[in-house]
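Visitor: Okay, handing you the structure first.
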Number of protein chains: 2
Amino acid sequence: MKYFIDQLQQKIEEKNSRICVGLDPHLELLPENVLAPELLNDLESNQKEIAASVLKFNQNLIDAISDMTAVVKPQMAFYEKLGVPGMDCLWQTMSYAKSKKLLILLDGKRNDIGSTAKAYAESYLEQKNIAADSITINPYLGKDGVLPFLENKEKGAFALLRTSNPSAVDLQDLKLDDGRKVYQAVGAFLQEVGSNYIGECGYSNLAAVVGATYPKELKEIRAQLKSVFFLIPGFGAQGGGAADIKAGFDKNGRGAVVNSSRGINFAYRKEEYNNFGAENYAKAARAAAEKMKNEINDVLNQ
Amino acid sequence: MKYFIDQLQQKIEEKNSRICVGLDPHLELLPENVLAPELLNDLESNQKEIAASVLKFNQNLIDAISDMTAVVKPQMAFYEKLGVPGMDCLWQTMSYAKSKKLLILLDGKRNDIGSTAKAYAESYLEQKNIAADSITINPYLGKDGVLPFLENKEKGAFALLRTSNPSAVDLQDLKLDDGRKVYQAVGAFLQEVGSNYIGECGYSNLAAVVGATYPKELKEIRAQLKSVFFLIPGFGAQGGGAADIKAGFDKNGRGAVVNSSRGINFAYRKEEYNNFGAENYAKAARAAAEKMKNEINDVLNQ
């Protein structure tokens, strides 16, 4: 029995890669040789065909980046949008990623009261044939909504702490009477709840999501939360850069992974990679993943 | 074009019923004549057969309670737990409820950054053939995570404000430097964001979830948030009673619905209704729904 967080930290070190590759099939960004654009004129009638194209896209992407990353993160919304065939595509994508020995962080931001949170954990972490290794969750319901995701120590959860979007400030920056902000209190809460789930690497199976788009907060939270592993989204398309995320790692370059979704999935659309051509989208994705991996390693070595 | 909240308020008045019937298929509570218990020994191999049983259960339930309620609330976790066949069962359950002219509140507590929140709204509120009328959401990401669910004024969203679980206090009761608690600030935030989406009935398409298990808070929030409609969960199985929820309504008995899931779905298991027998679970559910409807109307008329 190996703690989820130890599996993750080990795979990061084996691959010397601190990136997480999001699998976010924005349909309108898929290459035409994978998805015929006219299918999008009637999304509902063509769900099955579109989902098959997405699966093919994901499999090629996974083949191209599987030695560049420890973990992939499918964003559930983009699969749920394709109805039942979309969910089938999600499960098959997870199955394919597992066959390539990748860890899966399922990005669903699930949350509910205890008995229902348990049903979500069973849905995605506990299926016998295929299951994710970890899932993103929303901590607003407090401890009894978080614990069901931690029952199996081989699995992990990433709770929203500081999100990467502009409106993160609306509620997360409200000031408490003890001088802290809400997100800081959420951080302390996560560290406390997670303290019973700490692996050999010193980090907990209860990890946190902290956006790259708020580098000041990222630095401050890292200093406070010694045992909380971070998923850092917002790199690339959302505006965070390699220098911004350095502060999210500990002094040994551990304790975090940095996610990029659109920036890798659709690298072929960027000027930098357009010599590959749309048909070589997977090669472009690999080049973008390799560049990001190296940029992060370089900034950590400075 | 009729605002979601006006559709809901009108249907409540037509049926003179302020209940919402949750559709939460806890598998271990289903009657044996609907679901053979041995199928649960291997949930994954039997997903299809179990999902077919759940659909049959839901359809009978809907037939039995469709004149007793304006709205049904499927809890997504219990369908997601059955994998792809479970999602198919969810869509078919929604289709059946629509055929009975019921409004659908899909309980998924979805939440994400703006572009992804939009994908969730498209997934569940904007499909052309079958779609929910409203969805539960989690407000932790702030305004840009909420607005995508409000774009179509015929649809609505119910944001978590004060949840019904014991650990609701962990984060929702943190005290702010202006004297308010976090949940009160969330309430003010929801009222403000929702102010651009107010229907003829005076309530907004951006509604809120406020648990029956915290009657003091319910009363106080009702007084503060004049244009915010409430979904009140926690009645029955979680311990809230009719007297507790009176404070969630306005002086005209409007502005809220009270949810019960297990208490209605599995009424046949209660001593009070066990004369019906397990095979008549739908009749027991109808009796429980009628009782709850009348209890609420009575307490509002006192």
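Where a number appears in this text, it was derived from the coordinates with a stated rule and is not lab data. Bear in mind the structure is a predicted one, so any value in this text is a computation, not a measurement. Cβ placement follows ideal geometry from the backbone for every residue including glycine, while neighbour counts extend to all protein chains displayed.
Visitor: Mind checking the angle between helix A:4-15 and chain A's longest principal axis? C-alpha axes, 0 to 90 degrees, to the nearest 10.
Guide: The two axes meet at around 60 degrees.
Visitor: Regarding chain B, what's the average projected area of the Cα-atom convex hull, expressed in nm²?
Guide: 15.4 nm²
Visitor: If one puts a single equal scatterer on every Cα of the stretch B:179-297 and applies the Debye formula without solvent, what log₁₀ I(q)/I(0) results at q = 0.11 Å⁻¹?
Guide: -0.43
Visitor: Under the Kirkwood approximation applied to all pairs of distinct alpha-carbon atoms, what is the hydrodynamic radius of the stretch B:85-157 in Å?
Guide: 12.5 Å
Visitor: Which whole-Hz couplings ³J(HN,Hα) result when phi for each residue of the stretch A:25-31 is put into the Karplus expression 6.51 cos²θ - 1.76 cosθ + 1.60, θ = phi - 60°, listed in order with x for Gly and Pro?
Guide: For the stretch A:25-31, the Karplus-derived couplings read x, 5, 4, 6, 9, 5, x Hz, x marking Gly and Pro.
Visitor: Suppose R0 equals 30 Å; then what is the FRET efficiency for A:Glu49 and B:Ser45 from their Cβ-Cβ distance, rounded to the nearest 0.05?
Guide: That pair, A:Glu49 with B:Ser45, gives E of 0.60.
Visitor: Looking only at the protein assembly as shown, where both bridge partners belong to it, what percent of the DSSP beta bridges are antiparallel (to the nearest 5)?
Guide: Rounded to the nearest five, the antiparallel share is 10 percent.
Visitor: May I ask for the distance between the Cα centers of the stretch A:1-31 and the stretch B:120-167, given as a whole number of Å?
Guide: After rounding, the separation between the Cα centres reads 29 Å.
Visitor: Got the B:Asn294 label distances to the other copies yet, label 7 Å along Cα→Cβ, in nm, shortest first?
Guide: Those separations, rounded to one decimal, come out as 7.7 nm.
Visitor: What are the residues whose amide H is under 5 Å from the amide H of B:Ala207, where those residues sit 5 or more places off or on another chain and H is modelled from the backbone?
Guide: HN-HN under 5 Å from B:Ala207: B:Ala157, B:Phe158, B:Ala159.
Visitor: I would also like to ask the following. Using a 10 Å cut-off around each Cβ of peptide A:144-150, what is the average number of partner chain Cβ atoms that fall inside?
Guide: 2
Visitor: Here's something else I'd like to know. To the nearest 20 debye, what is the magnitude of the charge dipole of the protein assembly as shown about its Cα centre, counting +1 on the Cβ of each Lys and Arg and -1 on the Cβ of each Asp and Glu?
Guide: In total the dipole reaches around 740 debye.
Visitor: What share of the DSSP beta bridges in chain B is antiparallel, in percent to the nearest 5?
Guide: Here the share of antiparallel DSSP bridges comes out near 5 percent.
Visitor: Given charges of +1 on the Cβ of Lys and Arg and -1 on the Cβ of Asp and Glu, with all other atoms neutral, how large is the dipole of chain A about its Cα centre, in debye to the nearest 20?
Guide: 760 debye
Visitor: Based on DSSP H runs of at least 4 residues, each adding -39500 (n - 2.57), what is the mean residue ellipticity at 222 nm of the protein assembly as shown after dividing by all its residues, to the nearest 500 deg cm²/dmol?
Guide: That comes out to -12000 deg cm²/dmol.
Visitor: Here's another thing I want to ask about it. Once you have the alpha carbon radius of gyration of the protein assembly as shown, what is it after dividing by 2.2 N^0.38 Å, with N set to its residue count?
Guide: 0.94
Visitor: Here's another thing I want to ask about it. What is the sum of charges around B:Arg269, taking Lys and Arg as +1, Asp and Glu as -1, for the other residues whose C-beta is under 12 Å from the C-beta of B:Arg269?
Guide: Local net charge: -2.
Visitor: On average, how many beta carbons from a partner chain sit within 10 Å of the beta carbon of a residue in B:117-124?
Guide: Mean inter-chain Cβ contacts per residue within 10 Å come to 5.
Visitor: Using modelled backbone amide H atoms (1.01 Å from N, in-plane), which distant-in-sequence or interchain residues come within less than 5 Å of A:Ile19's amide H?
Guide: A:Ala70, A:Val258
Visitor: Step through the residues of the stretch A:222-233 one at a time and calculate ³J(HN,Hα) from phi using the Karplus curve (6.51 cos²θ - 1.76 cosθ + 1.60, θ = phi - 60°), rounding each to whole Hz and writing x for Gly and Pro.
Guide: After applying 6.51 cos²θ - 1.76 cosθ + 1.60, I find 4, 5, 7, 10, 5, 9, 9, 6, 10, 9, 10, x Hz.
Visitor: Under a 5 Å amide H to amide H cut-off, with H placed in plane at 1.01 Å, what residues pair with A:Lys181 once short-range neighbours are removed?
Guide: A:Leu176
Visitor: Relative contact order for the stretch B:4-301: what percent, with Cα pairs under 8 Å and sequence separation of 6 or more?
Guide: It rounds to 20 percent for the stretch B:4-301.
Visitor: ³J(HN,Hα) across the stretch A:243-258 via Karplus (A = 6.51, B = -1.76, C = 1.60, θ = phi - 60°), whole Hz, x for Gly/Pro?
Guide: Working through the residues one at a time gives 5, 5, 9, 3, 5, x, 9, 7, 5, 9, x, 10, x, 7, 10, 10 Hz.
Visitor: Now for a different question. Eigenvalues of the Cα gyration tensor times 5, then square-rooted: what semi-axes does that give for the stretch A:94-210, in whole angstrom, largest first?
Guide: Gyration-tensor ellipsoid for the stretch A:94-210: 26, 15, 14 Å.
Visitor: Points 7 angstrom from Cα along the Cβ direction at B:Gln10 and A:Lys226: gap in nanometres?
Guide: Roughly 6.2 nm, to one decimal.
Visitor: Let me ask you something else. Kindly give the distances from B:Pro37 to its copy-mates, label point to label point, with each label point 7 Å from Cα along Cα→Cβ, as nm values to one decimal ordered shortest first.
Guide: Counterpart label points of B:Pro37 in the remaining copies fall at 5.9 nm.
Visitor: Step through the table entries B:Lys15/B:Lys283; B:Lys128/B:Lys293; A:Lys73/B:Lys175; A:Lys15/A:Lys109; A:Lys2/B:Lys48, compare each Cα-Cα distance with 30 Å, and write down the pairs that go over it.
Guide: Distance filter (> 30 Å) returns B:Lys128/B:Lys293; A:Lys73/B:Lys175; A:Lys2/B:Lys48.
Visitor: Excluding residues fewer than 8 places away in the same chain, name every one of the lysines whose C-alpha is closer than 16 Å to that of B:Lys251.
Guide: Candidates past the 8-residue exclusion: B:Lys219, B:Lys226.
Visitor: If you add up the charges near B:Ala77, with Lys and Arg at +1 and Asp and Glu at -1, over every other residue whose beta carbon is less than 11 angstrom from its beta carbon, what do you get?
Guide: Neighbour charge sum, excluding B:Ala77 itself: -1.
Visitor: Every other copy gets compared here: list the nm distances from the B:Asp67 label point (7 Å along Cα to Cβ) to its counterparts, shortest first, one decimal.
Guide: 7.0
Visitor: While we're here: Give me B:Arg110, A:Arg180, B:Arg269 sorted ascending by neighbouring Cβ count inside 10 Å, so fewest comes first.
Guide: Listed from fewest to most nearby Cβ atoms, that is B:Arg269, A:Arg180, B:Arg110.
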